[in-house]
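Let me begin by presenting the structure, written as structure tokens, before commenting on it.
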Amino acid sequence: MRIAVVGRGNVGGGLADLWERAGHQVTRIGRDGGDVSAAEVVLVAVPGGALAAALDQLQGIAGKTVIDATNRVGVAPPPGFFSNAEFVKSRTHGPTAKAFNTNFAALYGRLGEARATPSNLWCGDEEAREVVEQVNRDACYEPVYTGPLGNAAAQEGLIGTVFAIAQGGMGPFVYRMAPPDQL
Ligand SMILES: NC(=O)c1ccc[n+]([C@@H]2O[C@H](COP(=O)([O-])OP(=O)(O)OC[C@H]3O[C@@H](n4cnc5c(N)ncnc54)[C@H](OP(=O)(O)O)[C@@H]3O)[C@@H](O)[C@H]2O)c1
């Protein structure tokens, strides 16, 4: 599959590595933007408050299947929207999904060590299902559907619970809280 990854950090860079290993053709896009018109799916993995700026820098995004992996740590969704994912859809008008926002990128290299295939929550449009579930499995996750895109706000809100579990020492590694602008 031709995948464009927007954001070259922990999530974008990490998933790009996993997908390349699975045989996909990945284009990595940074803050200078780029043309995603050849992509079959676009992953957006930039800081939650940088979403609009990142989308502004993309050519060929209209109508694309987009997976929004952002979290909103310390930032509200864009005005008029309940979630970042719904904001993405308002800009692209294509199939949209929320996924990869509830798993720590620091564990991408250890997914194969898990005693069972790790689950990865996703919600979004039915038209995105086949692609979203494929790229989940190719990153070694079992996709778990949480409903239509209207559930994205709830899925974005889950990150506080994920942090609490990790900080309580109950997750797979002890997580040290980073400043919100670094999450
Ligand atoms: N880290 C995790 O475990 C994790 C897990 C799930 C979800 N998330 C969410 O996923 C998103 C990315 O997290 P991350 O840990 O990968 O962050 P990160 O390591 O800081 O990477 C963010 C990337 O986004 C780039 N960027 C910033 N503004 C941009 C713009 N306007 N256009 C294009 N690229 C831009 C940055 O470029 P520069 O390098 O030039 O600054 C950087 O490469 C965040 O919303 C985060 O909350 C993180």
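Estimated from helical segments only, the mean residue ellipticity of the chain at 222 nm is -8000 deg cm²/dmol, where each DSSP H run of four or more residues counts as -39500 (n - 2.57).
With +1 on each Lys and Arg Cβ and -1 on each Asp and Glu Cβ, and nothing else charged, work out how big the dipole of the range 1-106 is about its Cα centre, in Debye to the nearest 20. Here the size comes out at about 100 debye.
Counting charges near K64 (Lys, Arg +1; Asp, Glu -1) among other residues having Cβ under 13 Å from its Cβ returns a value of -2. Taking the chain as a Gaussian network, where each spring joins two C-alpha atoms under 10 Å apart, which residue of A53, A39, A114 fluctuates the most? Looking only at A53, A39, A114, the biggest GNM fluctuation is shown by A114.
Please find the FRET efficiency linking Q57 to A164, where r is the Cβ-Cβ separation and R0 is fixed at 35 Å, and quote it to the nearest 0.05. Working from the Cβ atoms, E equals 0.55.
What residue among P118, N136, A164 has its Cα farthest toward the positive end of the dipole of the chain, where the charges are +1 on Lys, Arg and -1 on Asp, Glu, each on the Cβ? Of the candidates, A164 comes out farthest on the positive side.
What's the longest piece of the chain with no exposed trypsin sites (Lys or Arg not before Pro), counting a site as exposed if DSSP puts it in a loop and it has at most 10 other beta carbons within 10 Å? Answer - 1-114.
Computed over protein heavy atoms with a 1.4 angstrom probe, the accessible surface ordering of D35, D138, largest first, is D35, D138.
The values are calculated or read from the model by the stated rules, or taken from the named source; none is laboratory data. Worth saying up front: this structure is predicted, and the values here are computed from it rather than measured. Every residue, glycine as well, gets a Cβ built from its backbone with ideal geometry; the counts of neighbours run over all protein chains shown. SASA here: full protein model, heavy atoms, side chains in, ligands and nucleic acids out. Shrake-Rupley method; radii C 1.70, N 1.55, O 1.52, S 1.80 Å.
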